[in-house]
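As structure tokens, the structure follows; a few thoughts come after it.
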Amino acid sequence: METKYLENWLRDAHAMEKQAEEMLKSQAKRLEHYPALRARIDQHLEETTHQADKLERLMTELGIDTSALKDMGGKLSAFGQALGGMMAGDEVVKGGIASYAFECFEIASYKALIAAAEQASQPEVVRVCKDILQEEQAMADWLAQHLDETTRSFLARADDDNVQAKK
Ligand code: MG
Ligand code: FE
């Protein structure tokens, strides 16, 4: 059984989690007016750190060289820039959209990884990836359910700012 792809995808997943960590950290900093969102992001940041650790452990167990992983992270893709870049004040809404899209990307990645691990008869990889998948799904669901509320409170704050500025 060819395991090259399984190994590559585990590495990719690890890189994805390192990027998620950076994105969630930079997002959490700017959410002082959105306590519920902030709390959910903080929770997922903790889950994400554990996910990266779990993937590292899996790779070590499979004999995959993890020495190069230390340099990863901190490099932001287009997703990260949408979240991390300072935008025209509406980053809470843009961040909500990008976060939801990112979680969906993670969900799809773990589904492919689980299928590959099943093919390769790697039950421990399947188990861990299914656990992680559940966390991603829960985060995606939460974000999807709260985006309208976040948008409304952002717009209400923007209105308030306008009223203040005209006084
Ligand atoms: Mg994740
Ligand atoms: Fe996630």
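The values are calculated or read from the model by the stated rules, or taken from the named source; none is laboratory data. Not measured: the values here are computed from a predicted model. A quick note on method: Cβ atoms are made from the backbone with ideal geometry, for glycine too, and the neighbour counts reach across all protein chains shown. Calculation scope for accessible area: heavy atoms of the full protein, side chains included, ligands and nucleic acids excluded. Shrake-Rupley method; radii C 1.70, N 1.55, O 1.52, S 1.80 Å.
One Cα centroid belongs to the range 131-155, the other to the range 1-63; the line between them spans 17 Å.
The candidates Arg30, Arg40, Arg127, arranged from most to least accessible area with a 1.4 Å probe in the full protein assembly, appear as Arg127, Arg30, Arg40. Annotated for the range 2-158: lysine pairs at least 8 residues apart or interchain, Cα distance under 21 Å, count 23.
What whole-number value in Å² describes the accessible area per residue of the chain for a 1.4 Å probe?
Per residue, the chain has an accessible area of 55 Å².
Charge dipole (Cα centre; +1 on Lys/Arg Cβ, -1 on Asp/Glu Cβ; no other charges) of the chain amounts to roughly 480 debye.
Glu149 sits with roughly 100 Å² accessible to a 1.4 Å probe, with DNA, RNA and ligands left out of the calculation. Stretched out straight at 0.36 nm per residue, the stretch from Asp90 to Lys111 would grow longer than its current Cα-Cα span by 4.3 nm. Taking all Cα pairs closer than 8 Å and separated by 6 or more residues, the relative contact order of the chain comes to 27 percent.
For Arg157, the accessible surface of its heavy atoms amounts to roughly 90 Å² (probe 1.4 Å, protein chains only, rounded to the nearest 10). What a 1.4 Å probe finds exposed on the chain is 54% carbon and sulfur by accessible area, rounded to a whole percent. Here the extension length gained between Asn162 and Leu147 equals 3.2 nm, from 0.36 nm per residue of separation less the Cα-Cα distance. For the set His146, His33, the ranking by accessible area, highest first and with no ligand, DNA or RNA atoms included, is His33, His146 under a 1.4 Å probe.
With the whole protein complex present, Thr151 retains an accessible surface near 40 Å², based on a 1.4 Å probe.
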